[in-house]
Amino acid sequence: MTLHAPYDANNIFAKILRGEMPSVKVFEDNVALAFMDVFPQVEGHTLVIPKGVEARNFLDLPEAALGDYMLRVQKVARAVEAGLKPDGLRVVQFNGAPAGQTVFHLHFHIMPVWEGVKMGAHASGSMKSAAELEPLAARIRAGF
Ligand code: 5GP
């Protein structure tokens, strides 16, 4: 899908927001939802998505929504750091399929990095169950 295609309300993250698909949540308020990536590149791989906007990517996000959303991205990143104590943290975001985007509702990836632990490739991990993700989510929730 290109950078400028219409928003598809049936994308997987829109379904998660509507409660039509399950997710292992770590944070939710009226601005954003954060949940565990089911194909994590590394343990603790977390996604933060905005609510109340039909934004496929960062370019689409209305300026009025930008500040509140980015505050949540930072808040979740801090909780991942506090909960999992990584050595580093990647905060990554892809725009358009040629750039690597595979789900077309805006999201930031928050990926802990541990020295000596190899991170998997983007969009190529094996699917994790809710039972596997929940202990990591609990540690992140405790980090808020
Ligand atoms: P993108 O490739 O668009 O930057 O990132 C999409 C992310 O969503 C990928 O890291 C992928 O593993 C994750 N993902 C895809 N489908 C699902 C799903 O159904 N649930 C969750 N929690 N994550 C998903």
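Net charge within 15 Å of H45 by Cβ-Cβ distance, Lys/Arg positive one each and Asp/Glu negative one each, not counting H45 itself? Here the count lands on 0. On the protein heavy atoms, probe 1.4 angstrom, tell me the percent of accessible surface of the chain carried by carbon and sulfur. Ligands and nucleic acids excluded, carbon and sulfur give 56 percent. Roughly what angle does helix 63-84 make with the longest principal axis of the chain, taking Cα atoms, 0 to 90 degrees, to the nearest 10? The helix 63-84 is inclined about 10 degrees to the chain. As I understand it, the value is the acute angle between the Cα axis of helix 130-141 and the longest principal axis of the Cα atoms of the chain; what does it come to in degrees, rounded to 10? The helix 130-141 is inclined about 90 degrees to the chain. Mean silhouette area of the range 6-81, derived from the convex hull of its C-alpha atoms and averaged over all directions, reads 5.3 nm². The mean accessible area for residues of the chain, using a 1.4 Å probe and ignoring ligands and nucleic acids, is 52 Å² per residue. Charge dipole (Cα centre; +1 on Lys/Arg Cβ, -1 on Asp/Glu Cβ; no other charges) of the chain amounts to roughly 180 debye.
For V26, the residues 5 or more places off, or on other chains, whose built amide H falls under 5 Å of its own are A34, F35, M36. Across the options P50, L66, G88, the greatest Cα extent toward the positive end of the charge dipole of the range 12-141 (unit charges at beta carbon of Lys, Arg, Asp, Glu) belongs to G88. Of F104, N11, A123, whose Cα points farthest to the positive end of the dipole of the chain (charges on the beta-carbon: +1 Lys, Arg; -1 Asp, Glu; origin at the Cα centre)? Ranked along the dipole, the leading option is A123. Volume per residue for the chain equals 106 cubic angstrom (convex hull of Cα atoms).
The values are calculated or read from the model by the stated rules, or taken from the named source; none is laboratory data. What you are looking at is a predicted structure, and each value in this text was computed from that prediction instead of being measured. Glycine also receives a Cβ, built like all others from the backbone with ideal geometry; neighbour counts cover every protein chain displayed. To get the accessible areas, we keep the full protein, side chains included, count just its heavy atoms, and leave off ligands, DNA and RNA. Shrake-Rupley method; radii C 1.70, N 1.55, O 1.52, S 1.80 Å.
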